[in-house]
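Report on the following structure.
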Amino acid sequence: MTPDRQSSSRRLFDGAGFVRLVGVHDGLSALLAEGAGFEGLWLGGFALSAAAGLPDAGLLTMTEVLAEARRVRQASSLPLVVDVDAGFGDLNVVQRMVRMYARADIDAVCLEDKKYPKRNSFRDGHVLEHPHRFAERIAVASAARAGTSLQVIARIESFIAGADLSDAVERAVLYRAAGADALVIHSRARTSHEVAAFCAALRLTGDTGPILGIPTTYFQSGQDELRRIGLSGAIYANQVLRASVQAIAALLRVLDASGSTAPAEASLASISDVFALVGTDDLIGDSPWRDLHQIWAGTGTAPSSQRTAVQEEEQ
Ligand code: SPV
Ligand code: MG
């Protein structure tokens, strides 16, 4: 990890500013989020599973998620938070997972307090882990990352599972005491009222640590409002994926209906934009065959072993 990256990941939850984590599902979307000036990345199970053509139901394994996280890590230097659902297994799996993710230079893992088998929070039928049992998972994760810069985030699903505010606050206090560096409070209400009530009640306990929200259903709440109600940051978990789905479907409809891509061309990124985005212009020895032809031109002939099939025929 470069010194710059290390300090930026530490700054992620230092309370200095509102943190916007963009949900990404591959290296390309991570590059776009970085280029657009966002503070961090969220590699969420929903988008990652969907990108693999799968539902968000705990189907990707711990090492499959890590492989994707590594790709994102290599594409972007932004702080990267990885959604690890409930931790992929028992306490030993949580411990191994945290060690492996820390070694892969991941900035934070976010564990949620739903019982396996899990479903996406916008589906129904959730069962919460017992608060003390989940606090134990956080304690194991927290101990396993000791000496590394990886942060542990505890995600509270009380409102998703139909439990009340006092359940959410009781869990928050336990998880923080167990070593959580930040909390995520999830809600699928249409306004931010549940999240606001949680932040206010938790602050009354004396807690001053970072709290993040996921404003998917309460998307009308802008960052000023989210900051005002007590959030330190927001996770825009799935909007990038949904934008991609819409854009791809629209293009395919146009191609199918009109027989060419002509009506859609103006809405497409140019080839050179994509080249630039992924660093094609920075390749060492770009156009290597052109360079070789120049060398051949200087010497008068190409070595026979390097002649192309066409050149051989032209002889
Ligand atoms: C994800 O992005 O995978 C999440 C957030 O866990 S949500 O889909 O809102 O549950
Ligand atoms: Mg998830």
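The values are calculated or read from the model by the stated rules, or taken from the named source; none is laboratory data. Quick caveat: nothing in here was measured; it's all calculated off a predicted structure. Note that each Cβ is placed from the backbone with ideal geometry, even for glycine, and that neighbours are counted across all protein chains shown.
Given the condition assigned to a loop (DSSP other than H, G, I, E, B) and in contact with a Gly (Cβ under 6 Å, 6 or more places away or on another chain), answer yes or no: does some residue in the range 245-267 qualify?
No, the range 245-267 contains no residue that is assigned to a loop (DSSP other than H, G, I, E, B) and in contact with a Gly (Cβ under 6 Å, 6 or more places away or on another chain).
How many residues are in a helix (DSSP H, G or I), more than 13 Å from ligand 2 (Cβ to nearest atom) and within 20 Å of Gly213 (Cα to Cα) if we restrict to the range 31-59?
Summing the residues that are in a helix (DSSP H, G or I), more than 13 Å from ligand 2 (Cβ to nearest atom) and within 20 Å of Gly213 (Cα to Cα) in the range 31-59 gives 1.
Tell me, please, whether a residue that is outside the structural domain of Asp14 (by TED's automatic domain parsing), at pLDDT below 95 and surrounded by 12 or more Cβ atoms within 10 Å (Cβ to Cβ) can be found in the range 264-276.
No, the range 264-276 has no match at all.
Please find, among Val94, Val72, Val81, Val98, the residue that is buried (at least 23 other Cβ atoms within 10 Å of the Cβ), part of a strand (DSSP E or B) and modelled with pLDDT of 95 or more.
Val81
Which condition breaks for Thr216 when tested against (1) surrounded by 16 or more Cβ atoms within 10 Å (Cβ to Cβ); (2) outside any loop (DSSP other than H, G, I, E, B); (3) β-branched (Val, Ile, Thr)?
Going through the list (1) surrounded by 16 or more Cβ atoms within 10 Å (Cβ to Cβ); (2) outside any loop (DSSP other than H, G, I, E, B); (3) β-branched (Val, Ile, Thr), Thr216 breaks only (2).
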